[in-house]
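Read-outs throughout are calculated quantities, based only on the coordinates presented, and are distinct from any laboratory measurement. Small disclaimer: the values here were computed from a predicted structure and weren't measured. Because the Cβ atoms are built from the backbone with ideal geometry, glycine has one as well, and the counts that use them run over all protein chains shown.
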Amino acid sequence: MKRVFAFFSLVLAALFFLSFQQSPSDWVVPEKYQKMKNPVPLDATSIKIGKDMYTRHCKSCHGVNGMGNGPKANKLKPSPGDFTTVAFSKVTDGAIFYKMTVGHDNMPSFKKRIPSNDDVIEGSFGHAGSVGDLINYIRTFGPK
């Protein structure tokens, strides 16, 4: 009986720890975010603001050109996303917004780090200095 109990305890512990293991492909974005549109106009001002934000918050992992090859990238598993790919170009603005604000694995949550975080917390990203500007800048990377 002790062996059976020990076996089931071990199985239960293994399942508990495995529940925290997800691959990047398991990063599920809720449908309401998938359908969100970026209300920030894609213009030179937005791109400039977004570039400044990217330099401060994203470049160290995602790299100067958004290829996922920043100075911290080789220490991260999974590696940071590459914004220059065709696959990334198909990711909706709402999904990017969700991933930036919620975070996952090595991607930190920027809910409190990005300026104008009141809008981020409310689930909107529509004014200068917001996630919308950052998304507009990231869109300039690709696909290549």
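Annotations for the structure displayed:
- Between the beta carbons of Asn65 and Asp26, assuming R0 = 30 Å, the FRET efficiency works out to 0.65 to the nearest 0.05.
- Placed amide H near Phe83: partners under 5 Å, 5+ positions off or other chain: Met67, Gly68
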